[in-house]
Structures are given as C-alpha cells and as structure tokens.
Amino acid sequence: MLEVLFILLPIAAASGWYAAYCTSSHAASYKKNDFNRKYLLGLNYLLNEQADKAVDTFIKILEVDTETVETHLALGVLFRRRGEIDRAIRLHQNLIARPQLPQVQKIQALLALGQDYYSGGLLDRAERLFFEIANENNETEYARIALRYLLDIYQQQKRWEMAIKQAKKNSKWEPIVVKNVAHYYCELALQQLKNEISTKEVMTLLDEALKYDAQCVRANLLKGEIAIKAEKWENAIQLYQTIKAQDPDYIAETLEPLRQCYLQRASGQTEFLNYLYAALSEDSKISICLAIVKLLQVREKEKALTFLKHQLQEKPSLYGLYHLIDLHLDVNCSDQDNDEKNNLTVLKTLVAQLIQNQPIYQCLRCGFNSKILDWLCPACRNWSTIKPYSI
C-alpha cells in the first residue's frame with residue numbers, strides 16, 4: 001500500500017494546508033475541510049483493504065472537485081496493477097462521465113479505460129476505445145499509445161491482415177515495427193499451408209516477408225520445408241545455406257534438413273561434411289560439432305571420438321559431454337570392465353538429467369526460456385528475440 005500513500009498523502013496534506021489558509025472565507029474553509037476529511041476517509045478505506053468503499057468515496061469527491069482528476073487516474077492505474085480491474089474500470093468510467101472534464105483529461109481517461117479493458121481481456125471493448133482515440137487525436141502521443149495497443153490486439157487475435165495494415169501505419173513514427181510485418185506474412189503463410197492452399201500463394205506470402213525483412217530466417221525455413229516436401233533438394237540446400245548468412249545463431253535449425261538434402265546426392269555425405277567443417281571454422285557451435293560427429297561415427301568411430309574430445313577441450317558443453325560418454329561406451333565397450341561401464345552409464349544418465357533441465361531456446365531480450373522455438377516471445381512480446389541456447 002506504499003503506492004497509495006505516495007499518491008494520496010501529498011494531496012491530503014495540501015488540502016489541509018489550503019483549508020487552513022482560506023480562513024478568510026468561512027464557506028470555502030468549510031468546503032475544503034470537508035474535502036480533506038473525505039479524502040482521508042478514502043485513504044483509510046484503502047489502507048484497510050476496503051477498496052469498494054474507497055472507490056465510492058473518491059467518486060463522490062470528484063463530483064464536487066475536478067482538480068483531483070490526475071489523482072483519480074493514478075488510483076485507477078494502481079487498481080489495475082493490483083489486478084482489481086473492475087474497480088479501475090468503474091473509476092475511469094466515472095471520470096469520463098463528468099460533463100465538465102477538460103478534453104485532454106477525457107482522452108487520458110479513455111486511454112486508461114482502454115488499458116483496463118485490455119488488461120481484463122476485454123479486447124473488443126479495448127479495440128473500440130483505442131480506435132476512437134487514434135482517429136480523433138492524430139499525431140498525438142495518446143494516439144500513438146492507442147495504435148501500439150491496437151497492433152498488439154491484432155497480434156493476439158491472429159488477425160494478421162489487420163496487423164499488417166496497422167504496422168504499416170505505425171512504422172511512420174516507429175520504424176522498427178516494419179520487420180514485424182515479415183512475421184505477419186509468415187503467419188499468413190502458415191495459415192495457408194494448414195488450409196492446403198496452393199504452394200504458389202504461400203511462396204508469394206513468404207517473398208513478401210523477405211521484402212520487409214531480408215534477414216527473416218523464418219521465411220527461408222518455411223521455404224526450405226516446402227522445397228523438401230516437393231523433393232526439390234538443390235533448392236532446399238540453397239535456402240538453408242542462406243540462413244547461415246542471414247543469422248548464424250539459427251544454423252542448428254538447418255542441419256538436419258540439410259543432411260537429408262545432401263544425402264540425395266551421390267557424394268552428398270562428403271560434401272555435407274565439408275560444408276560442416278567450413279561452418280565450424282567460422283563459428284564453433286556445438287550443434288555443428290555434433291553434426292560432424294554424427295556423420296563420422298557411421299564409419300570412423302575412433303575418429304569421431306578424437307574429434308569430439310578436441311572440440312570439447314576448446315569449448316566445453318553438456319551436450320558434447322553426453323555424446324562423448326555415449327561414444328566411449330560404444331567404441332570401448334569390449335575393453336571396459338563392468339564397473340567402468342556402469343560408472344559411465346550412471347554419468348551419462350546424470351548428464352542427461354542436467355540437459356533435460358536446461359532450456360533449448362532463450363529470449364535475448366528478457367531471458368524467457370523455452371523448449372520450442374517461438375518467434376514471438378510469450379513474455380516480452382518481441383519478435384525474433386528467441387534463439388537456440390547453447391549448453
């Protein structure tokens with residue numbers, strides 16, 4: 001309740017000072033003293049967790065004193081943050097109903113009410129208010145706040161066509177949202193794929209995505225999947241290799257499909273191995289290292305074991321350690337006594353448990369951890385901030 005004290009005590013004190021100062025007018029002094037008493041009563045209700053009585057008291061004060069509008073707005077925000085959405089809505093609705101409320105303060109109250117509806121999940125009501133604010137108050141900061149909320153509502157409701165239109169409007173003063181448009185086109189492409197719409201239309205949407213963000217990894221991953229389904233192996237290889245140039249952090253997402261494509265060639269295994277060695281020389285990611293080990297151990301287990309040992313000495317990794325133990329058990333199984341094999345098996349199990357507790361992906365903006373690749377972070381609501389997590 002410290003927030004309440006910081007909001008209300010200065011006003012109560014000022015009101016008391018003012019009431020004492022205005023002794024020249026008995027009527028004015030009485031009015032201010034009554035105002036001060038009611039405000040302290042409302043404060044007392046809040047401190048005693050009697051929020052409904054507090055709201056009633058503050059609304060009555062507002063009816064006779066419009067100078068406290070800013071405080072009422074602040075109280076509404078406080079209720080919303082505490083999860084008391086109904087009380088916040090009631091307070092802001094009462095503000096808007098005041099006929100003498102100045103226009104600027106009415107817009108503030110409308111915006112606050114829209115935020116109440118948004119926080120309470122009443123997105124249709126919130127959308128109507130934000131749309132009204134944006135249309136009637138062009139180029140103001142209030143309009144921009146409303147437009148941001150509108151875009152987020154369209155995202156939540158998966159109304160991607162509306163999100164595209166809204167993002168284009170917002171980009172005039174917030175250029176960063178242009179790259180988000182690429183994801184909206186990707187979302188539309190996914191919807192088309194689920195509805196079994198022609199591949200040509202899906203590819204057109206993905207091309208649009210790349211127009212808005214040439215570094216959109218997601219668009220090329222989807223294109224690669226489509227190419228593999230159509231058995232266009234060379235096209236798929238080109239697409240997946242493009243991703244390494246777009247953003248090397250996502251190379252792990254390309255390795256398995258690339259292996260599948262390369263193996264369609266007569267000398268595909270050797271060519272894929274050469275590609276992996278070249279990629280590893282540029283960026284020593286454990287995912288690349290393990291892809292090399294997977295190829296080597298088919299025919300040269302000892303070589304795979306030696307290679308993995310060397311890589312882990314340079315860059316330790318839990319995933320790498322797990323595969324190293326697995327290789328030891330496989331390569332040296334005939335030379336190991338039962339105790340040694342049991343020890344390695346126990347160690348492998350323990351490492352597997354450690355890996356299981358680790359995230360596979362992590363948001364670089366807020367630190368949100370996930371086992372799946374979300375292109376929109378569920379926590380901070382930013383696009384393209386979740387990336388593979390190396391352990």
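In this structure, the pairs whose alpha-carbon distance is over 22 Å, taken from K244/K387; K200/K371; K172/K223; K309/K341; K179/K244; K223/K387, are K200/K371; K172/K223. Plainly put, the range 280-391 has a radius of gyration that is 1.07 times its Kirkwood radius, both from alpha-carbon atoms, as the Rg/Rh ratio.
Only one residue of S284, A236, L305 has its Cα farthest out toward the positive end of the dipole of the range 213-359, where Lys and Arg carry +1 and Asp and Glu -1 on Cβ, and that residue is A236. Charged side chains reduced to their Cβ positions (Lys and Arg at +1, Asp and Glu at -1) give the range 127-208 a dipole of some 80 debye around its Cα centre.
The convex hull defined by the C-alpha atoms of the range 87-157 has an orientation-averaged projected area of 4.4 nm². In the range 152-240, the alpha-carbon atoms span a convex hull of 86 Å³ per residue. Here the accessible area is traced with a 1.4 Å probe on the protein chains. For the range 202-302, carbon and sulfur cover 48 percent of it.
Highest mean packing comes first when the peptides 338-344, 72-78, 159-165 are listed by Cβ atoms within 10 Å, giving 72-78, 159-165, 338-344. The HN-Hα couplings worked out from phi for the range 117-123 by the Karplus form 6.51 cos²θ - 1.76 cosθ + 1.60 (θ = phi - 60°) are 4, 4, 5, x, x, 8, 5 Hz, whole numbers, x standing for Gly and Pro.
Amide H contacts under 5 Å for T385: C377, restricted to partners 5 or more places along the chain or on a different chain, H placed in the peptide plane at 1.01 Å from N.
Could you tell me the center-to-center distance, by alpha carbons, between the range 110-165 and the range 169-209 in angstrom? After rounding, the separation between the Cα centres reads 21 Å.
The values are calculated or read from the model by the stated rules, or taken from the named source; none is laboratory data. What you are looking at is a predicted structure, and each value in this text was computed from that prediction instead of being measured. Every residue, glycine as well, gets a Cβ built from its backbone with ideal geometry; the counts of neighbours run over all protein chains shown. For the accessible areas, the whole protein counts, side chains as well, though only heavy atoms, and no ligand, DNA or RNA atoms are used. Shrake-Rupley method; radii C 1.70, N 1.55, O 1.52, S 1.80 Å.
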